[in-house]
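**Q** This structure is in structure tokens; I'll ask about it shortly.
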Amino acid sequence: MANRYSNPSGNAGNWDTTATWASSEGGATGASIPVDGDRAIIVAGDTVTNNGNHHVGSVEIQAGATLHGDGGAIIYLDDDGNANIFQNDGSVTNTPRLHFTNSSSRNVKFGSGTFGIISVEFSSTATLTMTSALTSSGNLSIGSNSTLTTSGSNYAITTTGDTTVEGTLTGNASAI
């Protein structure tokens, strides 16, 4: 498991190129692209385009950074041990798609922007706890071993696609 930081020159690029990633914040590019178990950190001032299906442990989008979706490309989040499996303090554009496959309970901060398809499909019983609202222009699906919860907070869940719940969706005081 490693941390991968977006291009420190302030422009980044496509997810699937080593020219986008460094092994330390502000370090030289050319590090391997983030893979299963790694934490992908998009640094302030950078935009990273998810231009293909990629498996990664977790994603952090710093304030002033952007994750750009690319059509049907999906980011599969499999867990890296960090409490926040997805943390968006920046923004998302072009409706990135996320598929949570971790087997441990984690937090998710969707932050600002509209996502595409959101899928929560854990391999064993686990809970994904929202720490912000979710807006999705695609489908929301929650698998049989999975719980998506707003944790007693008032975080709205808005989807314009279909919502499929085989597991548990706990909205508490939230608007769904």
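**Q** List, in order, the whole-Hz ³J(HN,Hα) value for each residue of the range 35-45 obtained from phi through the Karplus relation with A = 6.51, B = -1.76, C = 1.60 and θ = phi - 60°; use x for Gly and Pro.
**A** 10, 2, x, 8, 9, 8, 10, 8, 7, 3, x
**Q** Could you provide, to the nearest whole Å², the per residue accessible area of the chain with probe 1.4 Å?
**A** On the way: 6870 Å² over 176 residues.
Averaged over the residues of the chain, the accessible area is 39 Å².
**Q** Through the Karplus equation 6.51 cos²θ - 1.76 cosθ + 1.60, θ set to phi - 60°, convert the phi angles of the range 147-157 into ³J(HN,Hα) values in whole Hz; use x for Gly and Pro.
**A** Karplus-based 3J(HN,Hα) across the range 147-157 equals 10, 10, 9, 8, 6, x, 8, 9, 9, 5, 10 Hz.
**Q** Once amide H atoms are placed 1.01 Å from N in the peptide plane, what residues at a sequence separation of 5 or more from Asn3, or on another chain, have their amide H within under 5 Å of its amide H?
**A** Result for Asn3 returns Arg39.
**Q** For the range 86-165, what relative contact order do you get, as a whole percent, if you take Cα pairs closer than 8 Å and at least 6 residues apart? Walk me through the intermediate numbers first.
**A** Details: 217 pairs, mean separation 21.6, N = 80.
Result for the range 86-165 is 27 percent.
**Q** Under a crude label model (7 Å from the Cα following the beta-carbon direction), how far is Ser104 from Asn53 in nanometres?
**A** 2.6
**Q** When only Cα pairs under 8 Å and 6 or more residues apart are kept, what is the percent relative contact order across the chain?
**A** Averaging sequence separation for qualifying contacts and normalising by length gives 13 percent for the chain.
**Q** Distance between the C-alpha centers of the range 1-72 and the range 116-176? Whole Å please.
**A** Here the answer is 25 Å between Cα centres.
**Q** If you don't mind, another one. Taking the Cβ of Ile142 as the centre, find all other residues whose Cβ is under 11 Å away and add up their charges (Lys, Arg: +1; Asp, Glu: -1). Mind showing how you got there, number by number?
**A** On the way: positive: none; negative: Glu121, Glu166.
Net of charged neighbours comes to -2.
**Q** Scan around Asn51 for amide H atoms under 5 Å from its own, H built in the peptide plane at 1.01 Å from N, and keep only partners 5 or more places away or cross-chain.
**A** Trp15, Asp16
**Q** Full extension from Ser153 to Glu25: what is 0.36 nm times the residue separation minus their Cα-Cα distance, to one decimal in nm? Show your work: numbers first, answer last.
**A** On the way: separation 128, 0.36 × 128 = 46.08 nm, distance 3.32 nm.
Length gained, Ser153 through Glu25: 42.8 nm.
**Q** Continuing with this model, one more query. By per-residue mean of other Cβ atoms within 10 Å, what is the highest-first order of 51-64, 14-27, 153-166?
**A** Values: 51-64: 19.6, 14-27: 16.4, 153-166: 14.1.
Most protected by this proxy first, the peptides run 51-64, 14-27, 153-166.
**Q** Between (i) 17.1, 54; (ii) 15.2, 46; (iii) 15.9, 50, which matches Rg and Dmax of the Cα atoms in Å calculated for the structure shown?
**A** Derived directly from the coordinates: (ii).
**Q** Return, ordered by residue number, the residues of the range 39-82 whose backbone nitrogen is under 15 Å from a label point located 7 Å along Cα→Cβ of Asn14.
**A** The answer is 48-54, 68-74.
**Q** Can you send over the carbon and sulfur percentage of the accessible area for the chain, probe radius 1.4 Å, protein chains only? Please list the in-between numbers first.
**A** Working: 2940 of 6870 Å².
With neighbouring chains kept in place, the figure for the chain is 43 percent.
**Q** Let me ask another. So what's the net charge close to Val120: Lys and Arg +1, Asp and Glu -1, counting the other residues with Cβ under 14 Å from its Cβ?
**A** On the way: positive: Arg97, Arg106; negative: Asp78, Asp79, Glu121, Glu166.
Its environment carries a net charge of -2.
The values are calculated or read from the model by the stated rules, or taken from the named source; none is laboratory data. Just so it is clear, the model here is predicted, and its values are computed rather than measured. Note that we place each Cβ from the backbone using ideal geometry, even for glycine, and neighbour counts take in every protein chain shown. Surface accessibility is based on the protein's heavy atoms, side chains included, excluding ligands, DNA and RNA. Shrake-Rupley method; radii C 1.70, N 1.55, O 1.52, S 1.80 Å.
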